[in-house]
Every structure is written in structure tokens, then in C-alpha cells.
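Bear in mind that the values in this text are calculations on the coordinates, not laboratory data. On a predicted model such as this, the values are computed, not experimentally measured, just so you know. Cβ sites come from the backbone with ideal geometry, for glycine too, and all protein chains shown count toward neighbours.
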Amino acid sequence: MDQTTLNGAALSAGKRDVLVVIPAFRNPEQLDRCLTAVRAQTCASRIEIYVRDNSADNIYYTAAINEGLRVGLDNPAIRFFLILNQDCYLKNDAVEYLLLFMAHNAAAGICAPIQLDSQNPDNVIWGGATRSFPAGECYLGDVAEAPAGPFLTPWASGAAALIRREVVVQIGLMDENMRFICSDSDYSFTARARGWQIACLPAARCIHEMGAARSRGNREIRKIMCEDVTYFADKWISGGLFRRLEEDPDRRDVAELLRQRDVYLKWLAD
């Protein structure tokens, strides 16, 4: 493992302007495959890598991403942040497609590739988002039936997404009150509230294995996920801004959304 992937390592000198931020947790085989895919990118000469290893001291997803964002902000050469799960394996032209899209779409603050099922690569498991609450919903289905061109989406999956430096400078880091989930949709909503667009780019693709850490059989993770969802609900759904950003004319009313929040609170109490 080279210097740019060591936890807390300084960025090397040069004109590299994309920092890939990867939270890692107790699966070196996945991490190695993820890093191999990053290093095989057609635009690899533009890429730096920052791995935050959570294996010994697990600070969870959001704080790990923020640690990488801080490192990149300290380097004025970094213009883009690619947040990436260790179980996501980029196609070798994915980053180049994302950067080309950003270069031609100044209003886009965040752009995400589509994610393909590792067991069935013809199946999309994230192809643009729909609803964010009470559970994240997205396009699922045959890759051949996915939209061909880029399109706007309410939120980008934090498993793989490219973020402009200007977005991070303007809206700040991710909200660490949501430690494991929801901080990605929260970040997209915050960016959109400041006028940025969020896009999905089907030409850019990655294979996603889906982490076992999210299993609801893990009581600690289940508790954190419930806390994250209820915090997101309290932060967003009490007003009209959430419903406008959700872009769903048939959105259920606030009373129903709050009832869904209370379901998670009950789970926390069990």
C-alpha cells in the first residue's frame, strides 16, 4: 500500500486534482479490489487516494468521509472529491466520465455513477434516487432499461459520488449527527437548497457488493441507523422545503412522515 493510501497520510505533490476518499472496515480483500479499480482509471494521473481505516477505531461512515474532506481542503490543488465505499469497484472509465460531465455542467455540484449488482452486473441497484424517507428508494432494474443520458436526481448515493470542491467550501462537511446512513441524502438536499444540482450519470458505472455491516441483524448498527433516520426526519420533514426538494407531488403529508419517524423511535426503545 503506497503513501497516498495510508490513514492520515499527507497528499503527494503534483497536479492531481481528484481526491478519492474511502472509509475502510475490516475487509482488506474488498479494499484491495477497490483500490485496484481506482488505480486503473483512465484518468489515474489526476487521482489521489485517502483511506480512513475504521478497523481499530470505528468512527463510522460520515466522520470518516469528513476526515478525508478536511485533508483535501487543505490542499488547494484538489478540485473534486470522490467518496467511495470499499465494496464499490469502479469501471475503468467511470471517473473520466464523471469529470467530463462536471466540466460541461457548471451547475452540477454532485454527480454519481450507477451501481450494478456484484452478483448480477446486468442489474442496477442504484440508478438515481426517488424518495429519501422513511427508507432510501432508487431506480432498480435491468441496466438496459436505465436512462441512457445524465439526469437530475434528488440525492446521490454516498457509496460512490463525485463532489465539487466549491460545494464543500460553501455548505461545509457532512452532518455527523447521522453517523452511518442519511448523511448522503442530507448533503445532497443541503447542496440543492443552496442552488446546486445533483446528477446521475449512467455512462459512469461501478460494481457494488453491498456491505455486510448494514445488516439489521447487527444490533449496534441497527440502533445507529434508527438514530440517523430519526435525526434526518427531525431536521427535514417538518417543513415545506423537504417536500419541494423531494420533487414528489404525491408526497404524503407531514403527519404521516412523522408517524414513520416514530416507528424508528419505537425500534430504538425495543
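Charged side chains reduced to their Cβ positions (Lys and Arg at +1, Asp and Glu at -1) give the chain a dipole of some 420 debye around its Cα centre.
Stretched out straight at 0.36 nm per residue, the stretch from residue 218 to residue 255 would grow longer than its current Cα-Cα span by 10.3 nm.
When peptides 74-85, 46-57 are sorted by average Cβ neighbour count within 10 Å, with the highest value leading, the order is 74-85, 46-57. Helical runs (DSSP H, four residues minimum) scored at -39500 (n - 2.57) apiece and divided by the length of the chain put the mean residue ellipticity at 222 nm at -11000 deg cm²/dmol. The GluC sites (Glu not before Pro) of the range 55-160 that meet both conditions, a loop assignment by DSSP and at most 15 other Cβ atoms within 10 Å of the site Cβ, are 137. Amide H contacts for residue 125 (H built 1.01 Å from N in the peptide plane; partners 5 or more residues away or on another chain; cut-off under 5 Å): 115, 116, 117. Within the same chain, lysines fewer than 8 places from residue 235 are excluded, and of the rest, those with a Cα less than 20 Å from its Cα are 223, 266. Between residue 193 and residue 74, the contour length at 0.36 nm per residue exceeds the alpha carbon distance by 40.3 nm. Take the Cα of residue 107, go 7 Å toward its beta carbon, and the backbone nitrogen atoms of the range 116-158 under 16 Å from that spot belong to 150-155. The convex hull built on the alpha-carbon positions of the chain has an orientation-averaged projected area of 13.9 nm². Electrostatic bookkeeping for residue 66 treats Lys and Arg as +1 and Asp and Glu as -1; over the other residues with beta carbon under 14 Å from its beta carbon, the sum is -3. Between amide H atoms placed 1.01 Å from N, distances below 5 Å from residue 24 occur with 52, 53, 54, all of them 5 or more places distant or on a separate chain.
If both residues of a DSSP beta bridge must be in the chain, then about 45% of such bridges are antiparallel.
Exposure proxy for 126, 236, 155: other Cβ atoms within 10 Å of each Cβ, ordered fewest to most, give 236, 126, 155.
Between residue 26 and residue 56, the contour length at 0.36 nm per residue exceeds the alpha carbon distance by 9.9 nm. Along the Cα-to-Cβ line of residue 39, 7 Å from the Cα, sits a label point; which residues in the range 77-106 have backbone N less than 15 Å from it? Once the point is set 7 Å along Cα→Cβ of residue 39, 90 turn out to lie under 15 Å by backbone N, inside the range 77-106.
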